[in-house]
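Contents: one structure, followed by commentary.
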Amino acid sequence: MTSLFLLCSLVIILFVRIQGQFPLTQNVTVVEGGTANLTCRVDQNDNTSLQWSNPAQQTLYFDDKKALRDNRIELVRASWHELSISVSDVSLSDEGQYTCSLFTMPVKTSKAFLTVLGVPEKPQITGFTSPVMEGERMQLTCKTSGSKPAADIRWFKNDKEVKDVKYLKEEDANRKTFTVSSTLDFLADRSDDGAVVSCRVDHESLNSTPQIAMQVLEIHYTPLVKIISSNSWPEEGQSIILTCESKGKPVPEPVLWTKDGGELPDPERMVVNGRVLSISFLNKTDNGTYRCEAKNPIGRNSTEYVLIVHDVFNTLLPTTVIPSLTTATVTTTVALTTSTTTSATAISTRDPNALAGQTGPDHALIGGIVAVVVFVTLCSIILLGRYLARHKGTYLTNEAKGAEDAPDADTAIINAEGSQVNAEEKKEYFI
C-alpha cells in the first residue's frame, strides 16, 4: 500500500511540473510609432532557457543575451520564470506573430500577435469656393490617409450631425493602410451663412481624441425686407414711424420709399431718415400703400404696408346744442294808432368738445332760431288783432261826464253813455 501511495504522488508531481513548464504570452496592440512590450512567463521552470523570435523567425533574445542587432529592441527583464523585451518606434512592418520558446524536451512555444495601428492623417476639406450664391449646389469632400484599420468620417453643421453623406474607402499602395473620403452634398441656403461645417475622423489609435477639420460657409443672398409700424391704430392728427428692416449679403444699399407707386407726396410731413419713414399730422390723404425696396449686387426685394388713417375716437359725451332762449315784449297804447315793438334775442352755446377747425355754420341751429322768431311774430300779430277787435267803435275821452269818478277807461265810457240818456229825458223848455 505504501509503495502504491508513493507511486501516485510521484505521478501527480510530474503532472504538475509538466503543466507548469509551459510558456504564457499575450497579444499586444500598439500605435504606429509607439513602444510594444512582449512578455513570456513560465510558472515552473527548472533552469530551462527562454527565447523570443520575430515573425521572420529571427531570434531577438535568448535568455538575457541579445541576438539581433536592432537598437529599437531592449531587454526589460530576464529570469527563469520570465523573459520580457520592448520594441520602440514600432512601424507597420513590425506587425506579426512573435514566438516565445521554452527549451524543454520537447521544446514548448507560445505565440503573441503584435498589431500595429496606422494613425490617420489630419483631414482636409475641399470643394468650397467663397462666396457661394444662395441656391447653388455645394459638394464638400473630407479626406484622410494612413489609417489602419480604415478610419470613420462624420460630418457636422453647427454641432449637429449630418447623416446623408457618401463614404469611400481605398487601400494604400503599401497594402497595409487605407485612404477614406466622405462627401457632403447640399443646396446653399441663406440660413447656412456663417455656419461652421466640420469633418471629424474617429479612429481607435486617436485615444478618444478625434481629428477635426472645419470650414466656415459664406453664402450671398438677396435682401429680405420687412416693415415695422410704430402705431397699430393710426388716427388723424397723430404721427407714425415706419421702419424698413432689410437683411442681405452683401449688406443692402439704402432703401427706397414710395407711395402708391410714386414719390412721397408731402416731403415736409413725410421725412425719410435712412431706413425710417416718419409721417406727422396724419390725415385721410395719407391713406395708401407704402413700399420699401432694398437691393444689393445679388438682387432686389421689396415689401408693402397699407396705411389706413382712422377718425379720432372721442370718448367724451356727444355734442349737445343748448336750445335758443327767445324773449318777446309787446307794448300797446289806447289810441287811434298802435305801435308794436318786438325784440328777439337768440343765445346759442357751442359744444366745448367740438373739434378744433370745424368753423362752418350750424344749419340746424339757424333753422331753429328762425322758426322761433316766426312763431313769436305770428303770436304777437294774433294778440294785437284780437285786442283791436274788442275795442272797435267810438271812444270817449276821460273828460266825459262821470269819467272822473270811473276807475278805468271802459267804466268811464259806460257812465258817459248813461249820462247822455238821462240828458235826453230831462229836457228844458223855454217860453
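Heavy-atom surface analysis with a 1.4 Å probe gives the stretch 124-217 a carbon and sulfur content of 46 percent of its accessible area.
Tell me the carbon and sulfur percent of the accessible area for the stretch 222-307, rounded to whole percent, probe radius 1.4 Å.
53
Go ahead and run the numbers for FRET between E136 and L206, Cβ-Cβ distance against an R0 of 22 Å, rounding to 0.05. The pair E136/L206 has a calculated efficiency of 0.05.
The stretch 60-89 and the stretch 167-199 have Cα centres spaced 44 Å apart. Annotation: per residue accessible area for the stretch 124-217 equals 57 Å², rounded to a whole number [probe 1.4 Å, protein chains only].
For the stretch 21-117, the per residue solvent-accessible surface stands at 53 Å², with DNA, RNA and ligands left out and a 1.4 Å probe.
Quick check on packing: order 23-29, 156-162, 289-295 by the mean number of other C-beta atoms within 10 Å, highest mean leading. Let's see the in-between values first.
On the way: 23-29: 15.9, 156-162: 11.6, 289-295: 20.0.
The most tightly packed comes first, giving 289-295, 23-29, 156-162.
Net charge around M138, counting only other residues with Cβ within less than 14 Å of its Cβ (Lys, Arg = +1; Asp, Glu = -1)? Before the final figure, lay out each step's value.
Details: positive: R137, K157, K166, R190; negative: E134, E136, D164, D185, D189, D192, D193, E218.
With Lys, Arg at +1 and Asp, Glu at -1, the net is -4.
Of all the accessible heavy-atom surface of the stretch 15-109, with the other protein chains kept in place and a 1.4 Å probe, what percent is carbon and sulfur? Let's see the in-between values first.
Values: 2550 of 5420 Å².
About 47 percent, which is the carbon plus sulfur part of the accessible surface.
For L187, the shell of other residues with beta-carbons less than 12 Å away shows a net charge of -3, using +1 for Lys and Arg and -1 for Asp and Glu. Past 31 Å, Cα to Cα: identify those pairs from K122/K160; K166/K247; K166/K295; K249/K284; K122/K166, in the order given. The answer is K166/K247; K166/K295; K249/K284.
For every other residue with a beta carbon closer than 12 angstrom to the beta carbon of L256, add +1 if it is Lys or Arg and -1 if Asp or Glu, then tell me the sum. My count for the surroundings of L256 gives +2. Starting from the Cα of A78, move 7 Å in the Cα-to-Cβ direction to define the label point; list residues of the stretch 101-123 whose amide nitrogen is under 17 Å from there. Taking a point 7 Å out along Cα→Cβ of A78, the residues of the stretch 101-123 whose backbone N falls under 17 Å are 101-103.
The values are calculated or read from the model by the stated rules, or taken from the named source; none is laboratory data. Just so we're clear, the structure is a prediction, and the values are computed from it rather than from any experiment. Here Cβ is always computed from backbone atoms with ideal geometry, including for glycine, and neighbour counts include all displayed protein chains. What goes into the accessible areas is simple: the full protein's heavy atoms, side chains included, and nothing from ligands, DNA or RNA. Shrake-Rupley method; radii C 1.70, N 1.55, O 1.52, S 1.80 Å.
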